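Enquirer: For reference, the structure I am asking about is given below.
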Amino acid sequence: DQFFSGPGGRADDWRDLVDAAKAWARGGDRAKYESALADLSVTEEFHGYPGLQLMAALREAATSGDAATSVALATRITQALTTRSFRQHSGDWDLHDEGNGDIPDMLPPTFGGKEAHRPYFETLIVTGVSSNAWPALATEWRKLRRPIDSFVYE
């Protein structure tokens with residue numbers, strides 16, 4: 001029902017990545033997983049979540065031949081995207097969060113202290129700056145956030 005929908009296509013791409021990772025972990029084709037990850041990476045840089053750190057971790061796991069980590073991380077990201085939990089649970093943004101049952105933070109990382117729920121949205125900023133500078137630029141923009149803002153953006 002979402003054949004021509006961008007978000008629906010994105011969700012399909014993430015499910016396909018998880019399927020390819022599971023197949024690889026069972027002894028299947030690693031190249032199919034790496035191809036799916038490369039295809040997915042093209043558009044993911046335009047989304048706030050999963051962000052540069054988690055995407056780099058996915059690529060690193062594939063490069064090192066770690067199928068188990070690839071399955072676990074791809075599944076975790078896909079679940080966060082499907083449920084949109086990343087908008088309220090900062091652990092979804094943390095590579096090392098194991099989801100150990102802690103009470104989730106109400107805000108994604110770098111958004112301030114634990115406070116009441118605030119609406120979340122993502123902003124795409126188009127710039128001529130080289131992609132190598134994007135992480136530093138994003139860090140500078142995050143410094144503009146204030147705990148008293150009535151919304152959260154990434």
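Throughout, read-outs are computed from the coordinates displayed, never taken from laboratory work. Just so you know, these numbers come straight off a predicted model, no measurement behind them. All Cβ positions, glycine included, derive from the backbone under ideal geometry; neighbour counts span all protein chains shown.
Enquirer: For D12 and S35 in one chain, what is 0.36 nm times their gap in residues minus the Cα-Cα distance, to one decimal in nm? Could you put the intermediate results ahead of the total?
Expert: Numbers: separation 23, 0.36 × 23 = 8.28 nm, distance 1.49 nm.
Here the answer is 6.8 nm.
Enquirer: Kindly identify the stretch 1-75 as rounded, prolate or oblate by the Cα gyration tensor criterion: order the square roots of the eigenvalues as a ≥ b ≥ c, call it rounded if a/c is under 1.5, otherwise compare a/b with b/c, prolate if a/b is larger, else oblate.
Expert: On the way: a/c = 2.22, a/b = 1.37, b/c = 1.61.
It comes out oblate by the Cα gyration axes.
Enquirer: Near the amide H of Y153, under 5 Å away, which other amide H atoms are found, from residues 5 or more places off or on another chain, if H is placed in the peptide plane?
Expert: So Y153 has HN proximity to F121.
Enquirer: I need the calculated FRET efficiency for the pair K22 and S130, taking r as the beta carbon distance and R₀ as 30 Å, to the nearest 0.05. Provide the component values of the computation, followed by the final result.
Expert: On the way: r = 36 Å, r/R0 = 1.19.
The calculated FRET efficiency here is 0.25.
Enquirer: Continuing with the same structure: Residue by residue, what Karplus-based ³J(HN,Hα) values in Hz, rounded to whole numbers, does the stretch 143-149 have, using 6.51, -1.76 and 1.60 with θ = phi - 60° and x for Gly and Pro?
Expert: 5, 6, 5, 10, x, 8, 4
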